[in-house]
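Right, one structure below, let's go through it.
The values are calculated or read from the model by the stated rules, or taken from the named source; none is laboratory data. Please read all numbers here as calculations on a predicted model, not as lab measurements. As a convention, Cβ positions derive from the backbone with ideal geometry for all residues, glycine included, and neighbour counts pool all protein chains shown.
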Amino acid sequence: MNIYLISGNDESQIRADAEKTALALAGPDPDPFVLEVFQEDDSGPTAALLHGLLRSLLSPPFLGGRKTVWLKHFSGFDSEGDKSSKAGVPAALRELTDLIRRGLPEDIALLMNGPGIDRRRALFKACEERGEVRFYNRPDPKSRTWRQDMAACIRAAAADKGVRLAHDVCDYFVDALGTDTSRIHCELEKLICYCGGPEAPITLADAQQVCVGKGEEMAWALGEMLGKRNLSEALRVVDVLLEQSKEGERNARSMLINAANFFRVALQLRVVMEEYRLNSPAALKRFVETIDAKTKQSLLADGMEFVEFHSYRAMMLAEQAGRYSPSEMIQAIRRLRDGLRRCMSSSISPRLALEDALFSIIGGRSRPIRYLG
């Protein structure tokens with residue numbers, strides 16, 4: 001099997017499965033000759049993007065081996081049947097359909113993901129015939145089975161993380177999240193950190209303690225996106241969180257403050273790791289687990305609040321902090337402070353101030369993790 005199509009109307013699940021599939025096909029940190037990614041920019045889906053994809057599919061892998069070609073987070077599948085379009089996307093999709101029908105060489109894998117593909121159209125049928133199609137639809141709150149459907153989504157996400165959820169915990173998640181599948185990942189990650197890792201048992205009391213509402217969810221999601229240092233993902237998370245909120249400007253200001261707090265704690269971690277010669281996140285985890293009361297109180301007095309975090313959470317934060325140098329973290333705090341001042345003293349919207357700060361902090365590059373040595 002070398003053709004994979006992932007679609008439906010649930011973008012969060014579509015994206016998650018696509019990322020997992022890309023990892024399985026190309027491995028972690030693949031070079032551009034092993035994984036070629038085609039992703040639209042602010043101009044949206046274009047014929048040029050699809051023609052680049054087609055050229056890649058017709059080119060053999062560099063230096064032999066196998067390559068994966070990924071049409072990533074594509075938003076133009078629903079234009080397949082638009083014959084009046086002048087953008088050329090429908091025609092390019094028809095070319096792609098013809099190529100899939102003929103079959104791809106065994107040393108090339110095609111991965112496509114994005115919402116809105118029509119099961120009645122030729123592209124879907126070609127992928128179904130030649131490859132594997134996966135559909136993810138949001139549970140419909142009007143359906144009598146929405147609770148069972150949402151529970152299935154939660155259990156599948158938990159299984160991917162190596163977590164087993166008891167029935168009462170899963171039921172509580174359904175009550176807390178409703179049909180909002182975009183929150184599943186963050187809530188599970190919070191529980192994993194709170195309980196001490198994916199292998200630790202999770203009780204109903206744990207879930208009730210952690211899954212407490214939008215404010216905490218916002219702070220957690222923000223830390224996750226900053227830790228990944230991925231600009232497109234960061235802007236997507238901002239879109240999701242603010243679009244779901246009735247108090248967008250207020251929440252954008254809160255996100256500026258929470259982002260500054262993320263870097264403040266990350267800087268604390270780096271200072272302590274340097275002082276105690278801790279050369280990896282795992283070493284910090286052991287330090288937090290074995291720290292004596294006197295040292296802990298001394299660090300708390302110095303403002304190092306992370307020593308009261310669960311050791312697993314501290315380790316995850318250390319991994320994220322490794323993507324920034326100390327000087328970058330200090331500069332990030334200053335930029336976020338300036339962004340907050342701008343939206344309070346001028347006519348600039350808090351959301352624009354937040355997005356400007358993210359552009360300057362994260363930029364267009366993903367950084368390798370840098371551990372202290």
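Annotations for the structure displayed:
- Among the residues making up region 167-183, a single one is β-branched (V, I, T) and either surrounded by fewer than 16 Cβ atoms within 10 Å (Cβ to Cβ) or in a loop (DSSP other than H, G, I, E, B) (or both): T179.
- Residue count, region 150-166 (criterion: surrounded by 16 or more Cβ atoms within 10 Å (Cβ to Cβ) and in contact (Cβ under 8 Å) with a residue 24 or more places away in the chain): 7
- Residue in region 344-351 that is buried (at least 17 other Cβ atoms within 10 Å of the Cβ) and of a type in the set (A, V, I, L, M) present: no
- If the condition is being part of a loop (DSSP other than H, G, I, E, B) and not basic (K, R), then region 256-280 contributes Y276, L278, N279, S280.
- Single match in A283, A314 (criterion: modelled with pLDDT under 90 and either in a loop (DSSP other than H, G, I, E, B) or among the small types (G, A, S) (or both)): A314
- Close pairs from region 276-296: first at negative phi, partner surrounded by 13 or more Cβ atoms within 10 Å (Cβ to Cβ) and acidic (D, E), Cβ under 8 Å, at least 6 apart: P281/E319
- Selection status of V34, at negative phi and at pLDDT below 95: yes
- In this entry, A332 passes the filter for residues that are hydrophobic (A, V, I, L, M, F, W, C) and either surrounded by 17 or more Cβ atoms within 10 Å (Cβ to Cβ) or assigned by TED's automatic domain parsing to the domain that holds K190 (or both).
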